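Here the structure is laid out as structure tokens; the discussion comes afterwards.
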Amino acid sequence: RGPSCCITHSSPDTMFSLKLLALAGAVAGTTAFAPMGLSPATRRAGATSALRMQQDGPKTLIKQTFLTPALFKQIDADNSGSIDLEELKSAVKFSSSADVRALIQRGDLNGDGVIDYPEYERLMNMEVYGDAAGGNFYVRQALDLGLLKPTSPLADCVMVGNKGFDPLGLAKNLVELDTFREAEIKHGRLAMLAAVGWPAAERLNPYFTKAMGAPDLLVAGGKVPSLLNGGLENINPIFFAGVIAFTAFVETEVLNKVKLRENRQPGDLGFDPLGLYKGKSFEEKRSLELKELQNGRLAMIGIVGYVAEEFVTKFSVLTETPVLEKAVEKALGGV
């Protein structure tokens, strides 16, 4: 059971206390979670289990407040990005020490003694969807369909964008999982650049070659050179050598040093010239990370689509996909 306290009116402090009480009840007691077999809507309704509060008069039923990012910010007094035992003790004054320790233990997935925001986000999902798979509905479905092994580190982790997709069981532990995530983000970023660069090259190449008096390197049908399209033999080998040398330098001399930073997340290169990430709340940062990951995944699929379409049709993706051509023209200012 969650702890109880006495209230006489609904002040801001009282509402904060109710949120903390909901946190304690949701994390320390399994009765705060709805059955796993129910639909998401039913689980959400069931998660609003009532907590009875004593007043001077008759008992009043007050519904549990959902865990929210705002509540995390309120408990995280030093804005460190994690909730430690002392902060929790200070905030949940009406709970026993055992309740507070149980709360930390339940939310602390990696065993470092604190609840960081990704772990708190896991608790928010558990409040809605139940304990299994850390409240991750997609992972639970993957486990049920046999697409993910129960022993996989993806079965219960706080990595953003975790859909439980590892049918080959490639990730054996968290270290390997971080390595695969690093590679996924890197390929996603390259694919996003290529998804724009591929059609842009096919659209702009005639203008550049005419202006510079250079040979047209597009192959028959206005397609960019590639392994399947051909035409790579027409590109100066020095260009490829330069690309390989530059990539090797960046990878060994720059990125490997960046990767040695303490508490570094996979894919974090410290590159944010526009300040889109710096200074954002923990919730907003997780949202930006998810958006980059999802757009990268979509771009990787899109590049495969470009290659397949041009190989099969023998025409440029701009010719076969008028919508894409119009989008490129609009992005390039009607060129």
Filter the stretch 218-251 for residues that are polar (S, T, N, Q) and more than 30 Å from LEU290 (Cβ to Cβ); which is surrounded by the fewest Cβ atoms within 10 Å (Cβ to Cβ)? ASN236
Does ASP108 meet the test of being among the charged types (D, E, K, R) and touching a residue at least 40 places away in the same chain (Cβ under 8 Å)? no
Here is a list: GLU202, GLU184. Which entry is among the acidic types (Asp, Glu) and in contact with a strand residue (DSSP E or B) (Cβ under 8 Å, 6 or more places away or on another chain)? GLU202
Does at least one position in the stretch 213-229 carry a residue that is closer than 26 Å to PHE315 by Cβ and assigned to a helix (DSSP H, G or I)? no
Starting from the stretch 253-270, take each residue that is at positive phi and list its partners that are among the aliphatic types (A, V, I, L, M), counting only C-beta distances under 8 angstrom and pairs at least six apart or across chains. GLY267/ILE185; GLY270/VAL258
Looking only at the stretch 174-186, which residues are open to solvent by 40 Å² or more (accessible area, probe 1.4 Å) and in contact with a helix residue (DSSP H, G or I) (Cβ under 6 Å, 6 or more places away or on another chain)? LEU174
Please specify each residue of the stretch 230-241 satisfying the condition of being assigned to a loop (DSSP other than H, G, I, E, B) and not polar (S, T, N, Q). GLY231, ILE235
Failed condition for TYR207, given (1) exposed (fewer than 14 other Cβ atoms within 10 Å of the Cβ); (2) part of a helix (DSSP H, G or I); (3) free of Cβ contacts under 8 Å to residues at least 12 places away in the same chain: (3)
For GLU292, only one of the following conditions fails: (1) exposed (fewer than 13 other Cβ atoms within 10 Å of the Cβ); (2) acidic (Asp, Glu); (3) closer than 30 Å to TYR117 by Cα. What is its number? (1)
Pull out all pairs, ordered by first then second residue, where Cβ-Cβ is under 8 Å, the residues are six or more apart or on different chains, the first lies in the stretch 282-303 and is within 30 Å of LYS223 (Cβ to Cβ), and the second is open to solvent by 80 Å² or more (accessible area, probe 1.4 Å). GLY296/HIS187; MET300/HIS187
Find all pairs meeting these conditions: Cβ atoms under 6 angstrom apart; at least six residues apart or on different chains; first residue within the stretch 154-174 and without any contact (Cβ under 8 Å) to a residue 12 or more places away in the chain and hydroxyl-bearing (Ser, Thr, Tyr); second residue buried (at least 18 other Cβ atoms within 10 Å of the Cβ) and in a loop (DSSP other than H, G, I, E, B). none
Output the residues belonging to the stretch 139-163 that are part of a helix (DSSP H, G or I) and surrounded by 16 or more Cβ atoms within 10 Å (Cβ to Cβ). VAL139, ARG140, ALA142, LEU143, PRO153, LEU154, ALA155, ASP156
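The values are calculated or read from the model by the stated rules, or taken from the named source; none is laboratory data. Worth saying up front: this structure is predicted, and the values here are computed from it rather than measured. All Cβ positions, even for glycine, are placed from backbone atoms using ideal geometry, and neighbour counts span all protein chains on display. For the accessible areas, the whole protein counts, side chains as well, though only heavy atoms, and no ligand, DNA or RNA atoms are used. Shrake-Rupley method; radii C 1.70, N 1.55, O 1.52, S 1.80 Å.
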